[in-house]
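Have a look at the structure below before the remarks.
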Amino acid sequence: MSLLEVQNVHKSYYLGDEEFKVLKGINLKFDRGEFVSILGESGGGKSTLMNIIGGLDHQYEGDVVYNGQSLHSAKPKVLDAYRRENIGFIFQSFNLISHLNILDNVLVSLEMTSLSHAQRVARAKELLTRVGLKEHMRKHPNQLSGGQKQRVAIARALAGDPDVIIADEPTGNLDPERSLELRSLPVKINKLCTTVLV
(Lines give C-alpha, C1' and ligand atoms only; values in the text may rest on other atoms or scores of the structure.)
Protein backbone atom coordinates (compact mmCIF):
# COMPACT_ATOMS: atom_id res chain seq x y z
CA MET A 1 0.00 0.00 0.00
CA SER A 2 1.27 3.48 -0.87
CA LEU A 3 1.96 6.01 1.86
CA LEU A 4 -0.18 8.64 0.16
CA GLU A 5 -2.70 8.45 -2.68
CA VAL A 6 -4.58 11.11 -4.64
CA GLN A 7 -7.71 9.53 -6.06
CA ASN A 8 -9.62 11.14 -8.94
CA VAL A 9 -9.28 14.67 -7.52
CA HIS A 10 -11.21 17.45 -9.24
CA LYS A 11 -11.05 21.10 -8.22
CA SER A 12 -12.72 24.15 -9.77
CA TYR A 13 -12.71 27.84 -8.99
CA TYR A 14 -15.64 30.07 -9.80
CA LEU A 15 -15.82 33.66 -10.99
CA GLY A 16 -19.48 34.50 -10.73
CA ASP A 17 -21.25 31.71 -12.58
CA GLU A 18 -18.21 30.83 -14.66
CA GLU A 19 -16.36 27.64 -13.68
CA PHE A 20 -12.60 27.29 -14.12
CA LYS A 21 -11.50 23.66 -13.84
CA VAL A 22 -8.01 23.50 -12.33
CA LEU A 23 -7.63 19.82 -11.46
CA LYS A 24 -9.35 17.30 -13.71
CA GLY A 25 -9.25 13.81 -12.26
CA ILE A 26 -5.75 13.64 -10.76
CA ASN A 27 -4.57 10.18 -9.67
CA LEU A 28 -1.18 9.79 -7.97
CA LYS A 29 0.55 7.41 -5.59
CA PHE A 30 3.52 8.30 -3.40
CA ASP A 31 5.63 5.75 -1.57
CA ARG A 32 7.74 6.42 1.51
CA GLY A 33 11.09 7.98 0.62
CA GLU A 34 10.16 9.09 -2.90
CA PHE A 35 11.31 12.39 -4.38
CA VAL A 36 8.60 13.72 -6.70
CA SER A 37 8.60 16.89 -8.81
CA ILE A 38 5.20 18.23 -9.79
CA LEU A 39 5.70 20.14 -13.02
CA GLY A 40 3.40 22.35 -15.04
CA GLU A 41 2.86 25.82 -16.38
CA SER A 42 2.05 28.74 -14.12
CA GLY A 43 -1.60 28.64 -13.08
CA GLY A 44 -1.82 24.94 -13.91
CA GLY A 45 -2.88 23.86 -10.41
CA LYS A 46 0.42 22.75 -8.82
CA SER A 47 -0.04 24.80 -5.64
CA THR A 48 -3.71 23.83 -5.48
CA LEU A 49 -2.78 20.14 -5.65
CA MET A 50 -0.10 20.56 -2.96
CA ASN A 51 -2.57 22.36 -0.68
CA ILE A 52 -5.03 19.49 -1.10
CA ILE A 53 -2.35 16.87 -0.40
CA GLY A 54 -1.21 18.87 2.63
CA GLY A 55 -4.71 19.08 4.08
CA LEU A 56 -4.91 22.88 3.70
CA ASP A 57 -7.74 22.73 1.14
CA HIS A 58 -10.65 20.34 1.59
CA GLN A 59 -13.04 21.83 -0.99
CA TYR A 60 -12.53 19.31 -3.80
CA GLU A 61 -14.01 16.18 -5.31
CA GLY A 62 -12.24 12.84 -5.06
CA ASP A 63 -10.09 11.74 -2.16
CA VAL A 64 -6.65 11.91 -0.58
CA VAL A 65 -5.74 8.76 1.33
CA TYR A 66 -2.88 8.73 3.86
CA ASN A 67 -1.78 5.36 5.25
CA GLY A 68 -5.12 3.92 4.19
CA GLN A 69 -7.19 6.66 5.86
CA SER A 70 -9.45 8.91 3.78
CA LEU A 71 -8.93 12.62 4.40
CA HIS A 72 -11.70 14.09 2.27
CA SER A 73 -14.44 13.65 4.84
CA ALA A 74 -12.12 13.79 7.87
CA LYS A 75 -13.11 16.00 10.80
CA PRO A 76 -11.09 19.19 11.42
CA LYS A 77 -9.27 17.61 14.40
CA VAL A 78 -8.15 14.69 12.23
CA LEU A 79 -6.88 17.09 9.54
CA ASP A 80 -5.07 19.15 12.20
CA ALA A 81 -3.34 16.01 13.46
CA TYR A 82 -2.50 14.94 9.89
CA ARG A 83 -0.81 18.28 9.17
CA ARG A 84 0.92 18.48 12.54
CA GLU A 85 2.24 14.92 12.69
CA ASN A 86 2.82 13.92 9.08
CA ILE A 87 3.36 16.97 6.85
CA GLY A 88 6.11 19.57 6.74
CA PHE A 89 5.56 22.67 4.61
CA ILE A 90 8.21 24.80 2.93
CA PHE A 91 6.58 27.88 1.42
CA GLN A 92 7.94 30.22 -1.22
CA SER A 93 7.31 33.22 1.05
CA PHE A 94 9.14 31.69 4.07
CA ASN A 95 6.28 32.53 6.55
CA LEU A 96 8.68 33.25 9.42
CA ILE A 97 7.48 35.13 12.51
CA SER A 98 9.35 38.43 12.40
CA HIS A 99 9.44 39.20 16.15
CA LEU A 100 10.91 35.78 17.04
CA ASN A 101 14.53 34.78 16.57
CA ILE A 102 15.14 31.85 14.26
CA LEU A 103 15.55 29.34 17.10
CA ASP A 104 12.12 30.33 18.41
CA ASN A 105 10.68 30.16 14.87
CA VAL A 106 11.67 26.50 14.72
CA LEU A 107 10.49 25.89 18.30
CA VAL A 108 6.98 27.08 17.40
CA SER A 109 6.50 24.01 15.22
CA LEU A 110 7.49 21.76 18.15
CA GLU A 111 5.07 23.24 20.70
CA MET A 112 2.36 20.62 20.06
CA THR A 113 4.70 17.64 20.37
CA SER A 114 5.19 15.41 23.39
CA LEU A 115 8.84 16.43 23.70
CA SER A 116 10.02 18.19 26.86
CA HIS A 117 11.16 21.80 26.56
CA ALA A 118 14.82 20.72 26.71
CA GLN A 119 14.23 18.13 23.97
CA ARG A 120 12.46 20.72 21.78
CA VAL A 121 15.36 23.15 22.15
CA ALA A 122 17.90 20.42 21.38
CA ARG A 123 15.92 19.35 18.29
CA ALA A 124 15.62 22.93 16.99
CA LYS A 125 19.34 23.58 17.51
CA GLU A 126 20.25 20.30 15.79
CA LEU A 127 18.13 21.20 12.73
CA LEU A 128 19.44 24.75 12.46
CA THR A 129 22.98 23.37 12.66
CA ARG A 130 22.13 20.82 9.96
CA VAL A 131 21.00 23.56 7.56
CA GLY A 132 24.11 25.66 8.25
CA LEU A 133 22.72 28.26 10.68
CA LYS A 134 24.47 27.29 13.91
CA GLU A 135 26.01 30.75 14.30
CA HIS A 136 22.75 32.61 13.59
CA MET A 137 20.24 31.09 16.03
CA ARG A 138 19.65 34.33 17.98
CA LYS A 139 19.15 36.45 14.87
CA HIS A 140 15.71 37.60 13.73
CA PRO A 141 14.42 37.02 10.19
CA ASN A 142 15.13 40.62 9.12
CA GLN A 143 18.82 40.00 9.88
CA LEU A 144 19.05 37.10 7.42
CA SER A 145 19.46 36.77 3.67
CA GLY A 146 16.72 35.18 1.57
CA GLY A 147 18.67 31.93 1.40
CA GLN A 148 19.13 31.86 5.17
CA LYS A 149 15.41 32.50 5.71
CA GLN A 150 14.60 29.55 3.48
CA ARG A 151 17.00 27.39 5.49
CA VAL A 152 15.06 28.33 8.64
CA ALA A 153 11.85 27.35 6.86
CA ILE A 154 13.40 23.99 5.95
CA ALA A 155 14.50 23.39 9.56
CA ARG A 156 11.00 24.28 10.76
CA ALA A 157 9.43 21.88 8.23
CA LEU A 158 11.67 19.05 9.46
CA ALA A 159 11.12 19.78 13.15
CA GLY A 160 8.21 17.37 13.68
CA ASP A 161 9.98 14.57 11.75
CA PRO A 162 7.22 14.43 9.10
CA ASP A 163 6.72 11.59 6.64
CA VAL A 164 6.05 14.07 3.81
CA ILE A 165 7.67 17.42 2.99
CA ILE A 166 5.70 19.66 0.64
CA ALA A 167 7.93 22.33 -0.90
CA ASP A 168 5.90 24.70 -3.07
CA GLU A 169 8.44 26.55 -5.24
CA PRO A 170 10.85 26.82 -2.29
CA THR A 171 13.44 28.79 -4.27
CA GLY A 172 10.98 31.06 -6.09
CA ASN A 173 11.80 34.13 -3.98
CA LEU A 174 15.57 33.74 -4.18
CA ASP A 175 18.17 35.17 -6.53
CA PRO A 176 19.69 32.65 -8.99
CA GLU A 177 22.84 32.09 -6.90
CA ARG A 178 20.96 31.35 -3.67
CA SER A 179 18.38 29.31 -5.58
CA LEU A 180 21.10 27.05 -6.96
CA GLU A 181 22.67 26.74 -3.50
CA LEU A 182 19.41 25.52 -1.92
CA ARG A 183 18.29 23.14 -4.64
CA SER A 184 20.32 20.30 -3.14
CA LEU A 185 18.58 20.55 0.26
CA PRO A 186 15.33 18.78 -0.76
CA VAL A 187 17.48 15.91 -2.09
CA LYS A 188 19.30 15.72 1.27
CA ILE A 189 15.95 15.75 3.07
CA ASN A 190 14.77 12.91 0.83
CA LYS A 191 17.76 10.80 1.89
CA LEU A 192 16.33 10.85 5.42
CA CYS A 193 13.57 8.55 4.06
CA THR A 194 11.13 11.44 3.96
CA THR A 195 8.84 11.71 0.93
CA VAL A 196 9.49 15.06 -0.75
CA LEU A 197 7.06 16.76 -3.14
CA VAL A 198 8.38 19.82 -4.99
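The values are calculated or read from the model by the stated rules, or taken from the named source; none is laboratory data. What you are looking at is a predicted structure, and each value in this text was computed from that prediction instead of being measured. Cβ atoms come from the backbone with ideal geometry, glycine included; neighbour counts cover every protein chain shown. Quick note on the areas: whole protein, heavy atoms, side chains included, nothing else; ligands and nucleic acids left out. Shrake-Rupley method; radii C 1.70, N 1.55, O 1.52, S 1.80 Å.
Hey, can you tell me all the residues within the range 1-23 that are in contact with a strand residue (DSSP E or B) (Cβ under 6 Å, 6 or more places away or on another chain) and over 17 Å from residue 68 (Cα atoms)?
Passing the criteria: 10, 11, 12, 13, 19, 20, 21, 22, 23.
If I filter the range 15-27 for residues that are in contact with a Pro (Cβ under 9 Å, 6 or more places away or on another chain) and of a type in the set (A, V, I, L, M), do I get at least one hit? Steps first, please.
So in the range 15-27, the residues in contact with a Pro (Cβ under 9 Å, 6 or more places away or on another chain) come out as none.
Scanning the range 15-27, I find no residue that is in contact with a Pro (Cβ under 9 Å, 6 or more places away or on another chain) and of a type in the set (A, V, I, L, M), so the answer is no.
Have a look at 108, 6, 78, 64 and point out the one that is more than 19 Å from residue 159 (Cβ to Cβ) and open to solvent by 20 Å² or more (accessible area, probe 1.4 Å).
Details: 108 fails: more than 19 Å from residue 159 (Cβ to Cβ); 6 fails: open to solvent by 20 Å² or more (accessible area, probe 1.4 Å); 64 fails: open to solvent by 20 Å² or more (accessible area, probe 1.4 Å).
Just one listed residue meets the conditions, 78.
Tell me which of these residue 57 doesn't satisfy, since it passes every other one: (1) modelled with pLDDT under 90; (2) in a loop (DSSP other than H, G, I, E, B); (3) closer than 22 Å to residue 197 by Cβ; (4) open to solvent by less than 80 Å² (accessible area, probe 1.4 Å).
The single condition residue 57 does not satisfy is (1).
Can you tell me which residue within the range 135-152, out of those that are in a loop (DSSP other than H, G, I, E, B) and under 16 Å from residue 125 (Cβ atoms), is most open to solvent (accessible area, probe 1.4 Å)?
Here is the first cut: in the range 135-152, the residues in a loop (DSSP other than H, G, I, E, B) are 137-140, 144-145.
If we keep only those that are under 16 Å from residue 125 (Cβ atoms) too, we end up with 137-139.
Details: 137: 23, 138: 158, 139: 69 Å².
This residue is 138.
Residue-wise test of (1) more than 21 Å from residue 51 (Cα to Cα); (2) at pLDDT below 95.
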| residue | (1), (2) |
| --- | --- |
| 75 | no, yes |
| 78 | no, yes |
| 93 | no, yes |
| 111 | yes, yes |
| 123 | yes, yes |
| 132 | yes, yes |
| 136 | yes, no |
| 146 | yes, yes |
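Filter the range 113-129 down to the residues that are open to solvent by 40 Å² or more (accessible area, probe 1.4 Å) and either under 17 Å from the mean Cα position of the chain (by Cα) or not hydrophobic (A, V, I, L, M, F, W, C) (or both) and list them by number. Quick ask: steps written out before the conclusion?
Initial filter on the range 113-129 (open to solvent by 40 Å² or more (accessible area, probe 1.4 Å)): 113-119, 122-123, 125-126, 129.
Within the range 113-129, 113, 114, 116, 117, 119, 123, 125, 126, 129 qualify.
Of the numbered conditions (1) assigned to a loop (DSSP other than H, G, I, E, B); (2) modelled with pLDDT of 90 or more; (3) open to solvent by 70 Å² or more (accessible area, probe 1.4 Å), residue 32 satisfies every one except a single condition; which is it?
Every listed condition holds for residue 32 apart from (2).
So which of 49, 96 ends up being part of a helix (DSSP H, G or I), over 14 Å from residue 160 (Cα atoms), open to solvent by less than 40 Å² (accessible area, probe 1.4 Å) and among the aliphatic types (A, V, I, L, M)?
49
Have a look at 23, 71 and point out the one that is surrounded by 13 or more Cβ atoms within 10 Å (Cβ to Cβ) and under 30 Å from residue 111 (Cβ atoms). Full working, then the answer.
Working: 23 fails: under 30 Å from residue 111 (Cβ atoms).
Only one candidate passes the filter, namely 71.
Given the residues 132, 160, which is the only one that is open to solvent by less than 50 Å² (accessible area, probe 1.4 Å), under 21 Å from residue 91 (Cβ atoms) and not in a helix (DSSP H, G or I)?
Numbers: 132 fails: open to solvent by less than 50 Å² (accessible area, probe 1.4 Å).
Exactly one residue qualifies, and that residue is 160.
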